[in-house]
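Laboratory data are not the source of any read-out in this text; all were calculated from the coordinates shown. On a predicted model such as this, the values are computed, not experimentally measured, just so you know. Using ideal geometry, Cβ is built from the backbone for each residue, glycine included, and neighbour counts are taken over all protein chains shown.
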Amino acid sequence: MASKGDDGMSTDQKVRRSAARTLFDGTVVLVALGVIGGWASTGIYYTQPGEASVVLLLGRYHDTIYDEGMHWRFPVPLGSHDVVNTSEVRRIGFGLDRDEFARADGEAVAIDENEVQTSDSNIVIPRYVVQYRVGDPFTYTYSLMDPTMTLRDAAQAAMREVIGQHGIDEVLQADREGIELAAKATLEQILERYARRDGGKTGFEILSIQLQDIQPPPKVQEAFDDLVAAKQDKDRAVSVAQGDAKEIRERANAKAVELTEGAEAYKEAKVIEASGEAKRFELLLAEYRNAREVTRQRLYYETMEQVMRDVDKFVVERDTVQMLPMLSMPAQGRAGKSTPPPTAAEAKKEAQ
């Protein structure tokens, strides 16, 4: 029989009571650990490729996680998180068909057409698309009440500023790419000013502004169509005139080259001829120095032959009293040909 202690409980009863207490304490501990583990497990979350999570601790910004996979943060109410897709290309369209625009891939918002005033007080309706991605996830999620509305207003302000710096003719006929780049740069500056005011980074990464079309209001569409047609006729006439001018210039250049080459050839021929005459004169001068009288007489005869080429010439001695006329007789040989008249030297010999 079990003995009883001072408290009136037997040893078996004490053992059972101690075991029950130990079991209860272990159960409480296990339950507490399970509750704590379950509560801690609520802080586990996953992010997909291209997503970022903004983690808050006690309601304040704690960190931004860009890695994909499983992550853990302090459970509610100590911590919370928001997952933002930073790789998706989002679009806002201005003045485009809502149904057609909504069928395109990616998040898209269509805004009704808006009229913009040019620098010369005309009105045009630009139709364009702004493509963007989420920049800083925390700024995009918590610093902006309505990110889409903010970007819409900023894009309209940027487009108004760029178009407002040009006249109607420049807007309708200007380089579309130039307007797109200027509007994109202006929009980025506006968003950076928003970010500096809020003390953070910009929540948008502007990819592009694609200008679809710029049209005047419907009431004056016909007049502007006539204007565009007139501009096209003008450009065509200018193009034709430039083509004609180019052709005329090419012909003139070819003629100039031909005249230049002819002049150069003529100059070279004259230089060669002059050089030959100078050489001939030098040789003649040497002969003249050796035999002055004979050379002088020969030069006289040659000159007379050149001056009176078609005149019959007779060479006689001085103080000749009688002179027999010489008749040119037909030459023996081919019919219809005659002997050439005698030269001055031959006539002199015959006269002697």
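Taking the options 159, 145, name whichever one is aliphatic (A, V, I, L, M) and surrounded by 13 or more Cβ atoms within 10 Å (Cβ to Cβ).
159
I need a count of the residues in the range 17-63 that are in contact with a Phe, Trp or Tyr (Cβ under 7 Å, 6 or more places away or on another chain) and loosely packed, with under 10 Cβ neighbours inside 10 Å.
Qualifying residue count for the region: 0.
Considering only residues that are under 27 Å from the mean Cα position of the chain (by Cα) and over 14 Å from residue 171 (Cα atoms), look in the range 201-228 and name the one that is surrounded by the most Cβ atoms within 10 Å (Cβ to Cβ).
Of all residues in the range 201-228, those under 27 Å from the mean Cα position of the chain (by Cα) come to 204-215, 228.
Then drop every residue that is not over 14 Å from residue 171 (Cα atoms), which leaves 204-210.
Numbers: 204: 27, 205: 16, 206: 21, 207: 14, 208: 16, 209: 25, 210: 15.
Filtering the range 201-228 for residues that are under 27 Å from the mean Cα position of the chain (by Cα) and over 14 Å from residue 171 (Cα atoms), the one surrounded by the most Cβ atoms within 10 Å (Cβ to Cβ) comes out as 204.
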